[in-house]
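Colleague: Starting off with a structure, shown below.
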Amino acid sequence: MLTEKQRDVIDLYYNQDLSLSEIAEHEGITRQGVRDSIKRGEVYLFELEDKLKVFENYIETQKIIQSIKYVADRISAENKTYNYSNIITENINQINSIIENYLHKTS
């Protein structure tokens, strides 16, 4: 989505924690060129996020999963209290396993 140079500069700045001067030396461009590249990349990424709502959807999905987990835990507690069904216990375990697998993949 970003140019290769923007991606590299943003990676060096945010992930590698290099200064503008260090990145300029590394990339063979001016400090101002580095700053401009970062700013253009940031603007583009924010515009893209505004259109796609990736982060917003991620947060909403996390809330939904927490709600499902909460309800599954309540069902499990009721089932244990009244010893209703092994099938319910198996289904709750399967729900929890699906949630854990999803959370493991997204972290």
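The values are calculated or read from the model by the stated rules, or taken from the named source; none is laboratory data. Quantities reported herein were computed from a predicted structural model and do not represent experimental measurements. Because the Cβ atoms are built from the backbone with ideal geometry, glycine has one as well, and the counts that use them run over all protein chains shown. In case anyone asks, the SASA skips ligands and DNA or RNA and just uses the protein heavy atoms, side chains included. Shrake-Rupley method; radii C 1.70, N 1.55, O 1.52, S 1.80 Å.
Colleague: Rolling a 1.4 angstrom probe over the protein heavy atoms, how many square angstrom per residue are accessible across the chain?
Modeller: The answer is 78 Å² per residue.
Colleague: Could I ask something else about it? Can you show me the helix-derived [θ] at 222 nm for the chain, built from DSSP H runs with n ≥ 4 at -39,500 (n - 2.57) apiece and divided by the number of residues, rounded to the nearest 500.
Modeller: Estimated from H runs of four or more residues: -27500 deg cm²/dmol.
Colleague: In terms of Cα to Cα distance under 26 Å, which lysines are near enough to K105, apart from those fewer than 8 places away along the same chain?
Modeller: Of all the lysines, those that pass the test against K105 - Cα under 26 Å, at least 8 places apart if same chain - are K51, K53, K63, K69.
Colleague: What is the pair-distance distribution P(r) of the chain, computed from all Cα-Cα distances in 10 Å bins starting at 0, with each bin given as a whole percent?
Modeller: 13, 26, 18, 16, 13, 10, 3, 0
Colleague: Where Lys and Arg each count +1 and Asp and Glu each count -1, what net charge lies around I23 among other residues with Cβ under 10 Å from its Cβ?
Modeller: It works out to a net charge of -3.
Colleague: Something else about it: Apply the a/c threshold of 1.5 to the C-alpha gyration tensor of the range 25-86 and tell me whether it is rounded, prolate or oblate.
Modeller: Prolate.
Colleague: List the aspartates and glutamates whose Cα sits under 20 Å from the Cα of K39, skipping any in the same chain fewer than 8 residues away.
Modeller: Leaving aside aspartates and glutamates fewer than 8 places away in the same chain, those within reach of K39 are E4, D8, D11, D17, E22, E25, E27, E47, E49, D50.
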